[in-house]
Structures are given as C-alpha cells and as structure tokens.
Amino acid sequence: MSRTLALTVAAIAVAGVAAPAAYAAPATPPQPTGERQAAFRAAAAEFGVPEPVLLGVSYLESRWDANGGAPSTAAGYGPMHLTDVRAANPGGHHHDGTEDARGDAARPALLPEPGALDTDSPALRTVDLAASLTGIDPAILRSDPVANVRGGAALLAAHQRDLGGPTGDPARWYGAVARYSGATEAGAASAFADEVFSVLATGADRTTDDGQRVRLAATPLTPDRSVLNRMGLAPAGGSRVECPRSLGCESIPAPYEEFGGDYGNHDLADRPTSQKIDHIVIHDTEATWDTTLRLVRDPTYVSWHYSLRSADGHIAQHVPTKDVAWHAGNWYVNAKSIGLEHEGFAAQGTWYTEAMYRTSAKLVRYLAEKYRIPLDRQHVIGHDNVPGTVPGTVAGMHWDPGPYFDWSHYFDLLGAPFRPAGRGSGVVTVKPDFAANKPAFTGCTEAGTPCAPRGSSSVILRSAPSDTAPLLNDVALRPDGSPATLGVSDIGSRVDAGQQYAVADRRGDWTAIWYLSQKGWFHSRDAIPGRAATVSAKPGRTAVPVYGRAYPEASAYPAGIPAQAVTPLQYSLPAGQRYAVGLTTPSEYYWATTFDPATHTVVRGERYVQIQFGHRVAYVRAADVVIS
C-alpha cells in the first residue's frame, strides 16, 4: 500500500489535478439539489470524477452520512470515510471488561493484553493524502462534509490518473474504485469495486443522518475489470476459505501450537457432527486491522473465526468453522458458535461502514445456510449478549459491538428484517428508529463526558413510565442495588433492536417488559409486536435459578472427565414473570484440555432453554419452567 500511495503522490505532482471532460450522465428524473447532493456534483466536476462513481463510493463507505464529524469504528471521517487513526484513537486501545476469552474453568484463565495499536498504515491515514491534493487542513477534511467530499473526489482522481489517465466513462473507473478501498489483495479490491458498481446499477435514494436528501439514479454499467491485472495486488485467498466466492476472502490461519506446557490458540473439533452450531457472534476488534492480524497469529493469544476490515469489508478466515475458537468469554457459547470480529472500537468510533455491513451480512447468510442457523437475534448475537459463566465472571464480560451497531439495517441486509408479527402474543420485538434514537450516553472518549449524539440501536429502560425515572438495577453489576447508568459500556438497563421480550404492563404510550426480574419501561414507539414462545416458573415454584451456561448434571459425565459446576448466576426467574424463548437444547460440555484432540469429548445431559433475560441471554433448566 505504501508503494501505491507513493506512486499516486508522484503522479499527481507531475500531472496536477485538472479535470477531464465532464461525464455526460444519462437522462434521469430531476435529482435532489440539497447541499450534500450539490457537494457531490461540484466535487465530481472539479476533479473529473463521474458523479455516479463518487456517489457510489461514498454510499458504500457511509451511505452519504456525515455522522456529526465523528469517526467510524476504523478511524474514517465524513461521507467519503477519509481515515485518520491518530485523531480517532489518540489513547489507543479502549475496552472495558476482563473476561477470559476461553471461559472454561477446566483450564487456567487466559487474559492476554492486546498491545499497542498499529497507526502507521497509510490506509488508516488517507486524510493526509487528501490534504496534500486539495490543500485543505486535515481537521476541516474530518469535520466539514463538503470538504470531505472534495477530499474523496481528489483521491479517486489521483488513483485514476495513476492507473491510466482521466476519462469521463464511469465503467473505466473500476481500478480507481478498487484502489480507494485500500485493499492490497486482488479479491478484496475487486469485491469492494463490484459492490460499488452494484450500487450504481440499482441506484439509491435516502435522507442522511443530518437531513440531506441524496439520490443516485440507477446507472447500469459493465465495468472494465482488466485494470486489476496491472495493479500489483496480491492474489485472491484460495480454496481453503469458507466464504462466498464473490467476497474475495483470504486465509490467514490462526496457529494451533504447543508451547510451555500449554497450547493455543483454539481447539480442534468436528462441528456440526460433534456439536450443533447454534450461534454466530458479532464482535468488534478493539484494534486496527494490522494489529488484529498480528494478534490472531500469536499462539499465546486468543482466536476467532473471521476478521472483517472496515474500509472495504474485506474478510480473512483464521479458524475453520468446524473448530472451536476462543472468542466469546464463555466456553459453552464458544463450543457452539462462530465468531466474527469487525475492525473497530465500540465506544471511540461510533459508526460502522456500509462496506463492512454488506460483506458481513453476506458471510452470515452463507454460514447460516450452511449450518441451518435461524436468522434472528436469538441466534445471531453480539458479544454483549453472551452471559457470564458464573457469578464471578458476569461483571467482566465484554460489551461489543456496542450501542451504535445498526442491527435493524444489518438484518435488512441479511434478508430477515424485523417486522410486526401480529398482536396478542404478549411479546414485543425492540425496533427503535435508528437515526432518531439518540440516547445520551457518556464515556465514549473520557469517563463521564457526554458522547456526541448519534443514532443507536439501544433503548434505555426505566423503572417507571417516565423519562426521569431511575434506570433498572443489574444486581450482578451493582450488588448495592444502585441503578444502571448511561455509560456507553453499561448494559444493565438496555435493550437492542431485534431482541424479544415478554410484555409485563402497558400504561399510556409506555410499555413494560420483564427484564432481570424487574419491569423495564420504554416508549411503545420503540417496539413492534413480536411472536415467540415464553417460559415461566413451574407451578409451585416461587423462583427458578438462571444460568450462564447450559452444562450437564454431574451424573452425565463419564469416568475421567471432571464434572463441571452447574452454578446459578446472581439472578432468578420469579413466579408470575415470563421471558422470551430463544431455543431449547440438550446441555453440553466440550472437554478439550489437551493438544491431542483424540481425548476431546462432548458430554450431554438434561435439556435447557435459552431465554432473553436481560441485555444478555441466559439459560434455565427445562425441568424448572413451563413453555407456552
């Protein structure tokens, strides 16, 4: 990438940035003439970029949003996602939580430190090149949408000039679009460019987060892909990758190695023959792409199945899906899930790129079909929905991908949108208006300081039907009974889009749900009617225990495999309350404590029910509850 940028700068220094003949767009209905649309039109004319190409690239990066000048989860700013990692993450790594990624009490806790961020990659500092091409201060390029669009147009023009010269034909901008992605792999670069040209073919029309109506008329084209052959890109990923071919995924294996009496950084298995895969877990990396790849190749560190790059949505696979990665902080969930790490920072960066949403959704659709995983929020969960294993681990569990991940848009892309499911079931599906829903979170950049107002999937729960009522108490996080806070990492009184809960009460335009054994109130506009089975305590029981893992009873373990403790969490499910069912399953424990997988064993026992108990899922014994 550094060689590419150097060549680009050299070419611009020699050739200047004069625009070629203006692209003559096909006849289309009148387009919106607001400030954002005008900015794209003016920048396209100034730098000689076909306007559809500029609009298409911006749509795939940001959907034309300005995001209030806040950085993306991977340090990108503005509609054109100009990157500046030093400005976006001045303090480096930022994550609350001390979880053991393996989450298996049969082995010593694994609590690795992620190390320093890599901030020297040119792909994370494209604002510098944009500044050199336009003469605009980087701070203005980050904060001013009009300047940001100009900077992005200048970058595209520079890439086109480097690859063969100016042209008014958008079909011949395929290489420049591929290079804009920042990808150094042929598969990744072409996947990004293909997605941009797919947007051009279908068109797009939406109102941005700051109220700007922008339209891209459908512009079907047959792009000239031959330029890829002379761009010096690394070859595509190869046959070992479990991924749709169109995504250009690559294989970067995580090592399975012995060291110092231990081994890492995952466990071999034979899923789904050995165990059914129930979950796909969505994470963010809390590190840059280069740091993420360095860490997953460290045998003493932890692992996950896939990493996704923010700027272009590129995917690398590290662990075969048949094997168990160490990613979720809960051994039961690890053994029955596939982990996807998305480049970014849950708090410091506050939006995810459209390119990453799209490739992630395509990968999840592929995996869900392969393993027959339902596309719903009971099976496609965030790391923040994974429960602690025992009382002592609950408080240290991670909370990514955070409240700014747009679950509704993600499930739209999955082809499984959240829709009303009829009335009368007594269950609701959380679905706020992402753009309009802006909880007053704190602590994104510094503890206690307000976060910039930002669209969110999260809905805050109150202890009474009033915006001034205290939040609920999560006894595992606050044993003293004090209420949760609006800290960005505090999930003690928060629900997210797609999650389903049993209705406890209604009052005016407020709805209450059962949540951590309490009534949690929110505005009824933030949910739609849902349909799900629910559980309640069996008659005669005043309360039933709630667990963080569905482990077998002691009598189920064969000789030579120590029985794992079945320890309730701090919570209980009281009589008279109902909780939405996610799935029912036999209890399982995967005994895998040696390097030689010949000794690995799956122990099965009595049935459990996964429920939506708080922000995280939880488990109850099927023998303790009634399903209705």
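The values are calculated or read from the model by the stated rules, or taken from the named source; none is laboratory data. Keep in mind the model is a prediction, meaning the values are calculated, not measured. Heads up, the Cβs are rebuilt from the backbone with ideal geometry, glycines too, and the neighbour counts pull from every protein chain shown. Each accessible area value is taken on the protein alone, full model and side chains, heavy atoms only, with ligands, DNA and RNA left out. Shrake-Rupley method; radii C 1.70, N 1.55, O 1.52, S 1.80 Å.
Observations
- Percent carbon-and-sulfur accessible area, the chain, ignoring ligands, DNA and RNA, probe 1.4 Å: 53
- Shape index of region 551-606: Rg/Rh, with Rg the Cα radius of gyration and Rh the Kirkwood radius from the inverse mean 1/r over Cα pairs, equals 1.09.
- The angle between the Cα long axis of helix 186-202 and the main principal axis of the chain comes to about 80°, on a 0 to 90 degree scale.
- Positive-end residue of 219, 232, 249, charge dipole of region 210-253 with Cβ unit charges: 219
- Each label was represented as a point 7 Å from its Cα along the Cα-to-Cβ direction; for residue 171 and residue 449 these points are 5.2 nm apart.
- In order through region 394-407: 3J(HN,Hα) via Karplus (6.51 cos²θ - 1.76 cosθ + 1.60), integer Hz, x for Gly, Pro: 4, 5, x, 5, 6, 10, 6, x, x, x, 9, 6, 8, 5
- Residue pairs, from the table 276/538; 362/438; 276/322; 336/431, whose Cα atoms sit over 18 Å apart: 276/538; 362/438; 336/431
- For residue 77, the amide hydrogen comes within under 5 Å of the amide hydrogens of 72, 82, 83, 84, counting only partners 5 or more places away or on other chains and with H modelled in the peptide plane.
- Region 336-382: Cα Rg divided by the 2.2 N^0.38 Å rule of thumb: 1.25
- Percentage of interatomic Cα-Cα distances in region 445-540 larger than 18 Å: 51
- Shape index of region 483-593: Rg/Rh, with Rg the Cα radius of gyration and Rh the Kirkwood radius from the inverse mean 1/r over Cα pairs, equals 1.05.
- In the chain, the longest principal axis of the Cα atoms and the axis of helix 2-15 are about 30 degrees apart.
- Computed over all pairs of different Cα atoms, the Kirkwood value for the hydrodynamic radius of the chain is 25.4 Å.
- Folded to 0 to 90 degrees: helix 51-62 orientation relative to the chain principal axis, Cα: 20
- Rg and Dmax over the alpha-carbon atoms of region 172-325 stand at 18.9, 62 Å.
- For region 280-392, alpha-carbon Rg relative to the globular expectation (2.2 N^0.38 Å, N residues): 1.02
- Between 153, 440, 545, the Cα set farthest toward the positive side of the dipole of the chain (charges on each charged residue's Cβ, about the Cα centre) is that of 545.
- Region 149-178-region 179-244 distance, computed between alpha-carbon centres (Å): 13
- The Kirkwood hydrodynamic radius of region 382-436, based on inverse pair distances between different Cα atoms, is 13.8 Å.
- Remark: the chain carries a charge dipole of roughly 1780 debye about the Cα centre, counting +1 on each Lys and Arg Cβ and -1 on each Asp and Glu Cβ.
- Across all directions, the average projected area of the convex hull around the alpha carbons of region 189-253 is 6.7 nm².
- Per-bin percent of Cα-Cα distances, region 427-474 [10 Å]: 23, 44, 30, 2
- Within straight-line cross-link reach of residue 519, aspartates and glutamates at Cα separation under 17 Å, skipping those fewer than 8 residues along the same chain: 467, 474, 496, 505, 509
- Kirkwood hydrodynamic radius over Cα pairs of region 530-628, then Stokes diffusion coefficient at 4 °C and 1.567 mPa s, in µm²/s: 90
- Rolling a 1.4 angstrom probe over the protein heavy atoms with all chains in place gives region 352-395 an accessible area of 30 Å² per residue.
- Compactness relative to 2.2 N^0.38 Å, alpha carbon Rg of region 370-483: 1.23
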